[in-house]
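Read-outs throughout are calculated quantities, based only on the coordinates presented, and are distinct from any laboratory measurement. Being a predicted model, the structure only gives us computed values, none of them experimental. All Cβ positions, even for glycine, are placed from backbone atoms using ideal geometry, and neighbour counts span all protein chains on display.
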Amino acid sequence: MKKWSILILMFLLILPNSFGQKDKLFFYKIDGTINADTGKISLNFRSEFTPSKNKEITTQVKNKQFSFSGYIPAPQGIFLFFDERYMSADFIIEKGVQTITINVDSTRKVPQVTNKTMKDEYPKYSAFFRQIHVKWDSFYKKDDSLRTHYNNQMPEDLKINQTKEYNNLCDLDNRTLLRYIEKTPNSNLAFWRVIRLSAWGYEPIFDTIYDAFSEKLKNGYAGRVLNKKLIEGRQLSVGKQFPVLSCFNINKEKFSLDIFLKNKFTLVDFWYSRCGPCRAQFNHLRELYSQFNNKGFEIVGISIDKEADEKRWEETIFKEKLIWQQYLDINGKETRRLSVSVFPTNFFIDSTGKIVFKNISMEELDGFLSRTLK
């Protein structure tokens, strides 16, 4: 009996190494200076990509000084908030002591950080992406100008052109990022940028980008999480069959893939009741549903509202007159599993259940249905 007890104990000790890699943790300390006498400042980790239970660490500024410390498994991409006045761009922290200097008038900019990555690599990294940043600045200036000129009622042809230009820039940005990683496969700056981009949803080029990283980055804690998320997100890429989701409608009926078979095209719209952009598109969806529903077009809404907001979800459905089918993925469990984390997100499905488009704009959807469902 004693022999079996020893064997069981040995098996339990082996489990962590067999089924989950144990990550060594390193001490870090950040000594900061900010041009504000007092206030609350918080250090924010990229949620699921760190083993720490504390996704946000908060401290007080005293006499323009602050400090953070803790443990990390490897260099981490983080960002800072100061009261409601300032948010930094992402930057890298490393093990050991480093300093940071913040100017609250430079919100959404990279602060001055004195670790090796930010001193040695960041200037080269920034220079590599300078041209694409110029293109993005030009795009946003043009977009702001058009929205101001048309009082946020931009003509549909201009919206379509802006969407195409945006998508082309995203593609160029991703290809530029891939070239950088092929030159510097051990770049923590590029690695955490991919993590940030992946939060907006899976793109096929992310697989190629991930493969270009060093084994050291891919095998680290964040690398393993990213790989898992890419595998999960791949299920919702164009050309794949839309997966079964465990969610229910108001009558507690399960979501079924049969709905796709009954219609020529179905738009699956992920949203939640407190999402302003989600609700802003309901007017257009109502118009499209009224115009094309009897011609083979269907809409399925899937909300990620929290359990505490279930009543609010139901009230929103009635208030907004959402007469198409609505399902609730309580707390967004299924949605997160498939790496959908930006809302609204939509998928346009054909009669075989295959994903034809992802995040099709309302203007593009209108044009496609007008050409196809006559």
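What to note about this one:
- Projecting the Cα atoms of Thr99, Ile259, Gly353 onto the charge dipole of the chain, computed from C-beta unit charges around the Cα centre, puts Thr99 farthest toward the positive end.
- Overall form of the stretch 238-374 per C-alpha gyration tensor (a/c, 1.5; a/b vs b/c): prolate
- 3J(HN,Hα) along the stretch 115-122: 8, 4, 4, 6, 7, 8, 8, 4 Hz, from the Karplus curve 6.51 cos²θ - 1.76 cosθ + 1.60 with θ = phi - 60°, whole Hz, x for Gly and Pro.
- For Gly39, residues with placed amide H under 5 Å, excluding near neighbours: Val61
- Crossing angle, helix 362-372 versus the chain [Cα axis fit, 0-90 degrees, rounded to tens]: 40
- A straight line joining the Cα centroids of the stretch 242-319 and the stretch 70-118 runs 40 Å.
- Helix 282-292 and the longest principal axis of the Cα set of the chain meet at an angle near 40°.
- C-alpha long axis of helix 156-183 to longest principal axis of the chain, angle in °: 30
- Using the average count of surrounding beta-carbon atoms within 10 Å as a protection proxy, the listed peptides 236-245, 80-89 rank, highest first, as 80-89, 236-245.
- Cα gyration tensor shape of the stretch 26-114, rounded if a/c is under 1.5, else prolate or oblate by comparing a/b with b/c: prolate
- Amide proton proximity set for Val300, modelled H, under 5 Å, gap of 5+: Leu267, Val268, Asp269
- Charging the Cβ of each Asp and Glu at -1 and of each Lys and Arg at +1, and nothing else, the dipole of the chain about its Cα centre rounds to 1080 debye.
- Too-long pairs where the Cα-Cα distance tops 25 Å, listed order kept, from Lys24/Lys116; Lys109/Lys333; Lys333/Lys358; Lys53/Lys229: Lys109/Lys333
- Cα shape, the stretch 127-169, gyration tensor, a/c 1.5 rule: oblate
- Near Phe357, the amide H atoms lying under 5 Å from its own belong to Phe348; only residues 5 or more places off or on other chains count, and H is placed 1.01 Å from N.
- Taking θ as phi - 60° and the Karplus parameters 6.51, -1.76 and 1.60, the scalar couplings of the stretch 261-274 work out to 5, 8, 9, 5, 9, 9, 9, 9, 10, 8, 7, 7, 5, 9 Hz in sequence order, x denoting glycine and proline.
- Cα convex hull, the chain: 201 Å³ per residue, rounded to a whole number.
- Remark on the chain: Cys170, Cys247 stand apart, with no other cysteine beta carbon under 4.7 Å.
- Counting only Cβ charges, +1 for Lys and Arg and -1 for Asp and Glu, the dipole size of the stretch 26-114 around its Cα centre is about 120 debye.
- Structure-based [θ]222 nm, the chain - -39500 (n - 2.57) summed over DSSP H runs of at least 4, per residue, nearest 500: -12500 deg cm²/dmol
- Expressed to the nearest 5 percent, the antiparallel share of DSSP beta bridges inside the chain is 70 percent.
- Partners for Lys164 among aspartates and glutamates (Cα-Cα distance below 19 Å; same-chain residues under 8 apart left out): Asp137, Asp143, Asp144, Glu156, Asp173, Glu203, Glu363, Glu364, Asp366
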